[in-house]
Amino acid sequence: MAASLSRPCFISLHVPYRQGWAQDLATTFRFQPVAVRETPRVRQLALRRGSAIFLINERLAPGPASASCHDFLYDVDPRPALGTASNVCFEVDDVPGLCERLQSRGCSLPVPPTKVRDGGGSVTYGVVSSIVGNISHTLLDRSCYQGPFLPGFQPIQGAPSAAGDGIEITHFDHITYVCPRGGARAALDWYQRCFGFRRFLLNPRERPAEGYVVGGQGVGMLLLALQSAQGTLAHGCKLILAESLSEDGANQVDTFLEQHGGAGIQHVGLRTTNIVSTTRALQQGGARFFTPPTAYYSQGGKAEEIRGAGQDPRTLAELGILLDTTAPWDKAQPGTDARERPSQEYLMQIFTHPIFSEETFFLELIDRRGAPGFGEGNIQALWKAVQVYMDQQQ
Ligand SMILES: O=C(O)C(=O)Cc1ccc(O)cc1
């Protein structure tokens with residue numbers, strides 16, 4: 001089956017009663033409120049930056065006791081005891097057809113195909129449970145809808161303009177799941193079989209049969225990567241499946257599993273076209289980022305590597321931005337055209353502290369300069385920075 005799923009339409013977050021996180025995303029990360037749906041029991045707020053939309057779902061009354069599971073439109077209620085990013089909505093052409101095929105493959109469909117309409121037209125959606133933790137997918141056809149967001153939502157006018165604030169976020173670049181041990185391969189198979197996603201290699205050194213093993217310096221992690229069949233490596237949204245290979249359990253991936261109470265979405269990479277101005281503006285707004293030890297910028301020829309990429313080591317060090325130049329990419333990678341890429345490919349990344357009160361979900365800014373994969377050096381630097389942070393928290 002080649003389900004034609006495109007880039008995510010929104011990523012849905014559920015926050016427990018009264019955590020005020022919607023406010024944080026709006027004020028600290030400067031996402032713009034675009035539409036809201038409010039009932040006596042729940043509020044659903046859509047916040048946008050570029051084409052990246054977070055839908056923040058919260059209860060307005062404590063306790064899930066008698067609440068119907070359909071209080072949240074376009075989603076299911078994961079009944080969270082803590083903040084969680086649990087739903088990724090994809091736009092599809094044929095919701096009933098896809099839902100039927102998914103059901104025939106044994107998938108669970110907590111919301112069967114459902115039509116919702118208002119003055120702007122109608123949409124059809126269904127929700128399917130994934131095999132990873134609490135993650136579900138809303139499958140949405142909004143080709144017959146002209147309103148600003150989705151039926152049932154009221155547009156929010158008068159949000160302060162985002163123009164010229166230095167934050168250049170364009171879209172969701174990738175979504176990283178934490179899988180239980182042994183679970184990444186099963187998740188890979190599920191997304192290939194059910195959604196027609198394609199595997200891609202994260203790094204020229206990755207062996208297809210094994211996956212990308214990031215090891216050394218306290219890191220032990222397996223990464224497998226997929227992207228939707230529509231779109232190229234440069235434009236489609238990627239799913240990264242991470243699994244811990246570490247023995248001691250004191251690392252970012254195992255900590256997520258423990259504090260989240262199982263597998264789920266660990267972070268979302270937001271693509272930026274200017275990581276320096278975006279990080280600076282977000283820091284000024286109060287966002288907190290992991291920063292590598294200052295030695296990161298002086299050791300092992302890093303400053304030369306940064307200068308060679310045309311960036312300024314002092315600026316990156318001041319903000320804590322990581323830079324990785326990748327080895328020449330395998331020209332056989334699907335969706336990449338070597339002729340269009342500059343000879344010096346690199347990427348820059350920076351990771352926020354966990355967003356909720358637990359050490360679970362966080363955001364990342366990623367600025368790709370021709371590099372479609374992920375840098376081992378950056379992942380190791382992140383692990384070290386998180387380790388220092390977790391040690392300080394104890
Ligand atoms: O680098 C990225 O953005 C990744 O998605 C890889 C990754 C996966 C899990 C981690 O705990 C840290 C990094």
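Cα atoms only, the chain: Rg and Dmax in Å?
20.5, 61
Given the Cα-Cα distance of residue 32 and residue 209 and 0.36 nm per residue of separation, how much length would full extension add, in nm?
Length gained, residue 32 through residue 209: 59.5 nm.
Let me know the charge dipole size of the chain about its Cα centre in debye, to the nearest 20, where only the beta-carbon of Lys, Arg (+1) and Asp, Glu (-1) is charged.
With only Lys, Arg, Asp and Glu charged at Cβ, the dipole is about 640 debye.
List every residue whose amide H lies under 5 Å from the amide H of residue 361, counting only residues 5 or more places away in sequence or on a different chain, with H placed 1.01 Å from N in the peptide plane.
Sorted by chain and number, the residues that satisfy this are 355, 356.
Report the charge-dipole magnitude of the stretch 127-249 in Debye, nearest 20, computed about the Cα centre from +1 at each Lys and Arg Cβ and -1 at each Asp and Glu Cβ.
My answer is approximately 400 debye.
Kindly provide the helix-only [θ] at 222 nm of the chain, computed as the sum of -39,500 (n - 2.57) over DSSP H runs of four or more divided by all residues, to the nearest 500 deg cm²/dmol?
The helix contribution divided over the chain gives -6000 deg cm²/dmol.
Looking at 263, 174, 311, which one has the Cα that reaches farthest to the positive end of the dipole of the chain (charges on Cβ: Lys, Arg +1; Asp, Glu -1)?
174
Which shape class applies to the stretch 94-214: rounded if a/c is under 1.5, otherwise prolate when a/b exceeds b/c and oblate if not, where a ≥ b ≥ c are the square roots of the Cα gyration tensor eigenvalues? Mind showing how you got there, number by number?
Numbers: a/c = 2.74, a/b = 1.31, b/c = 2.10.
The shape class here is oblate.
From the square roots a ≥ b ≥ c of the eigenvalues of the alpha-carbon gyration tensor of the stretch 75-125, which class results: rounded (a/c under 1.5), prolate (a/b over b/c), or oblate?
On the way: a/c = 2.32, a/b = 1.18, b/c = 1.97.
It is oblate, given that a/c is not under 1.5 and a/b is not larger than b/c.
Using label points projected 7 Å from each Cα along Cα→Cβ, tell me how many nm separate residue 156 and residue 23, to one decimal.
In this crude label model, residue 156 to residue 23 measures out at 1.3 nm.
Can you sort 391, 94 so the residue with the fewest Cβ neighbours within 10 Å comes first? Intermediate values should be presented prior to the final figure.
On the way: 391 9, 94 15.
Ascending Cβ contact count within 10 Å gives the list 391, 94.
Might you report the magnitude of the Cβ-based charge dipole of the stretch 26-107 about its Cα centre, with Lys and Arg at +1 and Asp and Glu at -1, to the nearest 20 debye?
Details: 10 positive and 9 negative charges, 70 e Å.
Dipole size: approximately 340 debye.
Between residue 247 and residue 192, with labels modelled 7 Å along Cα→Cβ, what's the label distance in nm to one decimal, could you check?
Distance between the two pseudo-spin positions: 3.1 nm.
Run the simple label-point estimate for residue 389 and residue 165 please: 7 Å along Cα→C-beta, distance reported in nm.
2.2
Ranking 369, 199 by Cβ neighbours within 10 Å, fewest first, what do you get? Provide the component values of the computation, followed by the final result.
Working: 369 18, 199 15.
Ordered from fewest to most neighbouring Cβ atoms within 10 Å, 369, 199 come out as 199, 369.
Just to compare against my own numbers: the Cα pair-distance distribution for the stretch 147-279, 5 Å bins, whole % per bin, please.
The percentages, shortest bin first, are 2, 9, 15, 17, 17, 15, 12, 8, 5, 2, 0.
Coordinate-derived values only; no laboratory data. Just so we're clear, the structure is a prediction, and the values are computed from it rather than from any experiment. Here the Cβ is made from the backbone with ideal geometry for all residues, glycine too, and neighbour counts use every protein chain on show.
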